[in-house]
Each structure stands twice: as structure tokens, then as C-alpha cells.
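I have placed the structure first, in the form of C-alpha cells, so that the comments after it can refer back to it.
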Amino acid sequence: MSTAVPPTSSTPSEELLPGVVRVDRQAAAVPTASASGDVLPTGGPRRRSTFRPDIEGLRGIAVLSVLAFHAAVPGPTGGYVGVDIFFVISGFLITGLLTGRPLGLRDFAARRARRILPAAATVLVATAAAGGALLDPLRGTALARDLIAAAGQYANWRFVGQQTDYLAAEREPSPLQHFWSLGVENQFYVFWGVLLLGLVRYLHGRRRSLAITLATLAVGGTSLALCLRWTAASAPLAYFSTGSRLWEFAAGACAALLSSALATRTPGRAVTRALRPLGWAGLAAVLGSILLYDRTTPFPGAAALLPVLGTAALLLAGPSDRLVGGLLATRPLRAAGRLSYAWYLWHWPVLTIAQARYGQLPWTVLLALTAASALPAWLTLRLVEQPLRYGSSPAPRRGLAVGASALVIPLIAALTLGGGTVRALGGATNTRTAAPAGAVDGPTLLAPGTRVLGLTPSLARAREDFPPGKGCEIPLNADSSPRCLFGDENSPDRIVLLGDSHAGQWISAGLKTAEQRHWALEVLVKPGCPLATLTVRNDVLGRTYDECDRWRENTLTRLTSGPKPRLVLMAGLNRYGSQEERTVGWTRTLDRLAALDAPLAYLGDTPMPGKDIPTCLAASDGRSDACFFPRDTAFEPDPMLDGGLAARYGVRTLDLGPLLCPGSGPSCPAVLEGVVLYRDTGHITDTLAQVLAPRLDEGLLGAP
């Protein structure tokens, strides 16, 4: 279950859906209580609020679409838009609540805390217990950090950082990744509550209405502009950040304000006739986006307008069309809507922990697990949500006390889990040891007489065993490299390391070669960007990687305008495009590099395990004979090594594949002579790069 593209981890929020906004009797407009907790403003600030069964059913559609998407059920390939539906509903209901009756900020905060936090805390504690029992220590360590972020209501920003970081992009999704939407929701509540309650308190009459409308339009317009810009520049930032999602809440707020205005100033029958086609259009927009969108749709961006405006239309149309309202208010949809928050919270940990334990599961099994998660969701609803919402004192201090407890308890669980996993790994993760001496040549990895006791780097450190100069591997949306020099920076002689992150993994090895000769090492690398001239798609950005083409052109031009390097060392992932496309692309690039009249060298790509090696080893108690991976998927035909291109352009090559995957058997090892070879699913550890430094020096340049 990959998370390279944000839609793989959609999540609803508290009031709408399972974790989004499930309308509660106390949180929606005027104090009209209903069994399901749906209360909506229908007649402006002086009128009573009435229960809207169509909204409960709309929440059901939202949660079911998200659950089906996460279970990989064929058909609803755009089910992740359920989160957007929840956000719009939240904006609609909360705006009605804040403008429809006198309410203090403490009272509002207490209601939100009582509604959202206890169920979330229950799931967090249960996930911590399940993670400690069923996950390997490395995943448990990451889960402990995610628990702190989820309990602190900033999980969305943690996942922004992780998914925009190439060093973490290939890790498996967190069991708590769905808490990103709850973070967005609660951050919206804080912002919107302070803004609207302030306007309601200090302004009156038309000035108040005008100020609220202008504020809503300003917030929504600014957020939409950020959403469009960030979707083009960084899909994770656009998907998970609060700034790019506020416009969806604002759309619901606009629907609430307009609904109130229409109800108080326009004859009822005229409103009904005008809104009836709007409801059908909204339903078509919502269902169309669920069925027609997929993982390749740039999202949120302009694509989010369809489900957002469709949801706003359904909320505005309300019960004006009995047929649309009747479809939404069917019993199954309303039942799903009532359970939506708890079901949303429970289903994702169940799916991710099961797959972490047993491997990738078919969609039929995922669907069964999703259905089974309805049981703990129902128990949470009956034993936690409803008693704490309706069975305790409505005094704000009681609600705030409940909220504080629901924050502290998961934090204690996170600290307990984190401490246990660190002990299981044998110590802290920041302990770095010197790399063992590597052989210059021959079939063995280590120099004669060198032995490694245990594993190096340790499993506690393996995932963080990165090369130096992380800033040299520029962000995805950058198209030029900074000045990034190592070694003797003032030397007129330099080695240029050129390529993507599979070139960047060789920084330590190149640096040793440069230092021995008192040269400089210049690093020009861009993650996910082939040095061969071919255009690729970037899954994190969710579009064609145009920045890669610009970076390549800028870099090649930069090399021709500067002093001639002593060596241009090329490396990179050998999996972009087809074999024919790679051959053509390399030919175009080599034509440019040959004009430098500088020595050219090429490092063959390292084997690709295709699975997270440190996690696998941790789950296998660190056994060095564990975590083998298939030889036939570890390598791809390389036009530089196998196609004659190196000989044609006079490129010196070094292929370390036979050393890292020795023999001719069906499998390749993850550990050789005590050295952990890979830090993730495809990059070598920096320890291995240092071990291989003598071999690179001898194989590419000879003795200094």
C-alpha cells in the first residue's frame, strides 16, 4: 500500500464523516436534538434548526467512498473525494452553529473537544497497543512519532514533511496517516471559531452579515489560489496542508450563509423550484467524481471543484427535491453516516497493520477487514462517543477536561510504545559507528582481515544512514542545483557527481576519492530525475516532471560554461521509461557531455530490493540470512553497460551488481559480511558507500 501519491491516504474528518464532521445535536445550529445528532440551520439566526436526514446520508456516501477506495474495491477509483465532501459539510454545519445562536469560545471549544477527541483517543491507544504487539520495532518507532502528531492535532503537517522528503517517500503508510484530515478539521475549527465568534460578538445586523460574507469569500479565494498553485508544485503540500483545504470549508460556509438568506427573504415555493435542479446537478457531480477520478488525477487542484461544488449544491438544495433527498436519506446511507466518524477512525489502522503483518492483501480481504472494523466503530460510538457527548455535564469546563484527558492519554501511549521499540532495537537511533574497511577488488566486500560483529549500520540507524549533504539533492520543484562542494573546495580540480538520488547515494565514496587527491567533489543531483534525456512523470507531484527537464538542461549548460572537470561521474536509477527510451535518452545526454572533453565514468545501478530492508530485518530479528529478494526483479537491462554506449563514447564503467548480488542463484541478499546494504526499498546505506569507496577509486581512476 504505497503513499507516494497523496490520494492513497484520504481521510474524512470529524463532523462530516468518519472522522470529519459528523453533525452532532449540540454542535449544529439551534438546540434541536435528534437521535442521530444532525441539526442544521434552515431559517436564519432566529429560527429553529431541523434535522436533515439528507446530510446524514451524504456523510454515508462520503465515508463509504473513502472506505471502498482504501480497500481497493474496483469502481470507485475517486473515492478519496469523500474527504472533500466531509470538509464542505463541516464548513456548512459549523458556520450555521457559530452564526445561528449566542455561543462563547470556551463553550464552542468544549463542544468540539467532547465530540472529536474521546473517540480519536480510543483509536490512538488501541493502535499503539496493536502496533507494539504486531509491528516490527522500526515501524513501532515511527508509529510512536505519528501518535504524538495525531494526538497533538498536527498529523497533516508531519505527513507533508514526510511525503515531500525523497528520503522518506518510499516508506509504507502509517497506520495513523488518516489522522491528517482530523488535524486539518481541528485547525479549521480553531481558526473559524475565533474569526466568526469575534465578528458575531462585535458586529451587529447587516454589518455583521456583510463582514462574515466578505471574510468567508476572502479566506476561500486565498485558499483556492494556494490549492491550485501547490497542486502544480507539490502534491503532498496541496493535499495535506490546511491552507490549501480551507476553501472547501468556506464553500460549505457560503452554502450555509446563502441558505439562511434564501430562507428568510424568498418565498418558499420559489426557492424550491429554483433549487430542485441544483440538487440533481450536485448529486451528479459528487457521484461522477467518485467514479471518474483515479490516482492519476492531479488532486486537489481544479479537480476538487467538482465534488466540493457538488456537495455545496446538495447542501443548499436541501430537501427541496423529495426524490434527491429521499435517495440520500435511505436507511443504509443514514446508518453509514451515523457511524462514519468512528468507522473512519478504525478502518485504516486495521488495513495497514494487517498488510504490514501479512503482506499485500487482495481487495476482497481488505473489504472484509473494512467491514469488520465497523464492529469496534459501533462499540466506540455506543460506549465512548454518545456517553461523553450526552451523558455528562454540558458545562464547558467538563468538556475541556474531557478533551485534555483525550490528548494526554495517547501521548502517554506514544511514549510507552517509543521507549519499548528503542529498547527492542538495542539503543538510540543516533549512534553512528565507523564503516569497516572495504576491499579494493575481488569477490569479497570487506578488506582481508576485517570482520563485523552484528550488523552495521545497526537496525536502529539503518533507515537514517543517509549520505552527507542532504541539501545537495534539491527539492522536486527546483530546476537548478546550488553550489554544493566537498573536499578541497578551493582546488581547481574537481569530480562532478551527476544524476538522481541513486547518484547522490555515492557522495561519501566520491568524497574519499576526491580527498585522496586533494580535489573537490561537486554534487549535481536531483531526485527522481534521469540524467538520460527523457521526460518522466513524478508520482509525488502527480504530473509530468517538467522541473527535471529544466534541471538537466541547466546542469549540462552549467558544466560547459565552467572549468573542465577532472572526472564526470554519472549514476542513477536504471528504470526510467523503456529500454529503447533509455538508450535514446542516454545517447542525447552523452552527445552533450562528450563536448566537455573531460573523462567520463559511469556507475551501474545497484540492485533494487523492492521492499523496505531495515523494516524486514527488524521483523526477522536481524538475521543476516533473511530478507532475500528476487534476482530477476533486482536488475534492468542497462544501455550503458549492455548496449555498447559506454564503449562508443569512451566512458569508463564500474558495475557493482555482481558484488552486491553474488553467485547465480535466484535471490540477492540484503546483508553481506555483516553490512546492511540498503536503507529503504532501493537506496544503499551510506555505510556501504564508504565500504565501496576503495573499489570506486581503483576501478574508475586507479591509484592516486
*Cα gyration tensor of segment 235-333, axes a ≥ b ≥ c as square roots of the eigenvalues: rounded (a/c below 1.5), prolate (a/b > b/c) or oblate?*
oblate
_In the chain, if the dipole is taken from +1 on Lys/Arg beta carbons and -1 on Asp/Glu beta carbons about the Cα centre, which of 62, 131, 73 is farthest to the positive end?_
62
*Which lysines have a Cα less than 18 Å from the Cα of residue 526, not counting those fewer than 8 places away in the same chain?*
470
_Can you classify segment 102-162 as rounded, prolate or oblate using the Cα gyration tensor, where a ≥ b ≥ c are the square roots of its eigenvalues, rounded means a/c under 1.5, and otherwise it's prolate if a/b beats b/c and oblate if not?_
oblate
*Residue farthest toward the positive end of the dipole of the chain, with Cβ of Lys/Arg at +1 and Asp/Glu at -1: which of 681, 367, 610?*
367
*Name the long-range amide H neighbours of residue 446: under 5 Å, sequence gap of 5 or more, or other chain; modelled H, no Pro or chain starts.*
439
_For the chain, share of DSSP beta bridges that run antiparallel, in % to the nearest 5_ = 35
*Quick one, could you list the DSSP H helices from the chain stretching 15 Å or more along their long axis (Cα atoms) with average Kyte-Doolittle hydropathy of 0.5 or above?*
53-70, 82-100, 105-134, 137-151, 179-202, 205-233, 246-265, 268-292, 305-317, 396-425
_Qualifying trypsin sites (Lys or Arg not before Pro) in segment 302-359, DSSP loop, other Cβ atoms within 10 Å at most 16_ = none
_Among 148, 358, 462 the positive-end extreme of the charge dipole of the chain (Cβ point charges)_ = 148
_For residue 537, what residues show an amide H to amide H distance below 5 Å, using hydrogens built from the backbone and excluding near sequence neighbours?_
545
*What 222 nm value per residue comes from the helices of the chain, counting each DSSP H run with n ≥ 4 as -39,500 (n - 2.57) and dividing by all residues, nearest 500 deg cm²/dmol?*
-17500 deg cm²/dmol
*Can you bin segment 56-150 into rounded, prolate or oblate? Criterion: square roots of the alpha carbon gyration tensor eigenvalues sorted a ≥ b ≥ c, rounded for a/c under 1.5, prolate for a/b above b/c, oblate for the rest.*
oblate
*How much of residue 508 can a 1.4 Å solvent probe reach, expressed as accessible area in Å² and rounded to 10?*
10
_Dipole magnitude (debye, nearest 20) for segment 94-218, charges at Cβ of Lys, Arg, Asp, Glu_ = 940
*Give the ranking of 405, 340, 491 by solvent-accessible surface, highest area first, calculated with a 1.4 Å probe.*
405, 491, 340
*So how strong a dipole does segment 498-584 carry about its Cα centre when Lys and Arg Cβ are +1 and Asp and Glu Cβ are -1, to the nearest 20 debye?*
280
*State to the nearest 20 debye the size of the charge dipole of the chain about its Cα centre, where the only charges are +1 on K and R beta carbons and -1 on D and E beta carbons.*
3940
*With every protein chain in place, what's the accessible area of residue 204 (1.4 Å probe, Å², nearest 10)?*
120
*Could you please report the charge total around residue 699, scoring K, R as +1 and D, E as -1 over all other residues with beta-carbon less than 10 angstrom from its beta-carbon?*
-2
*Hey, quick one: spin label on residue 553, modelled 7 Å out along Cα-Cβ, who in segment 461-483 has an amide N within reach, i.e. under 19 Å?*
476-482
*Write out the cysteines belonging to the chain for which the nearest other cysteine Cβ is not under 4.7 Å, or none if no such cysteine exists.*
227, 254
*Would you please give the residues with an amide H less than 5 Å from that of residue 681, counting only those at least 5 places away or on a separate chain, with H modeled from the backbone geometry?*
613
*Using a 1.4 Å probe on the protein chains only, how many percent of the accessible area of the chain belongs to carbon and sulfur?*
60
*Per residue, how many Å² of accessible area does the chain show with a 1.4 Å probe?*
38
*With all protein chains present, calculate the accessible area of residue 557 using a 1.4 Å probe and round the result to the nearest 10 Å².*
60
*How do 605, 479 rank by accessible surface area computed with a 1.4 Å probe, from largest to smallest?*
479, 605
_residue 652-residue 129 FRET efficiency (beta carbon distance; Förster radius 51 Å; 0.05 resolution)_ = 0.35
*Considering only protein heavy atoms, with the full assembly of protein chains and a 1.4 angstrom probe, order 621, 54, 642, 294 by accessible area, largest first.*
621, 642, 294, 54
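The values are calculated or read from the model by the stated rules, or taken from the named source; none is laboratory data. Since this is a predicted model, take the numbers as computed values, not measurements. A quick note on method: Cβ atoms are made from the backbone with ideal geometry, for glycine too, and the neighbour counts reach across all protein chains shown. All accessible areas refer to the heavy atoms of the entire protein, side chains included, with ligands and DNA or RNA removed. Shrake-Rupley method; radii C 1.70, N 1.55, O 1.52, S 1.80 Å.
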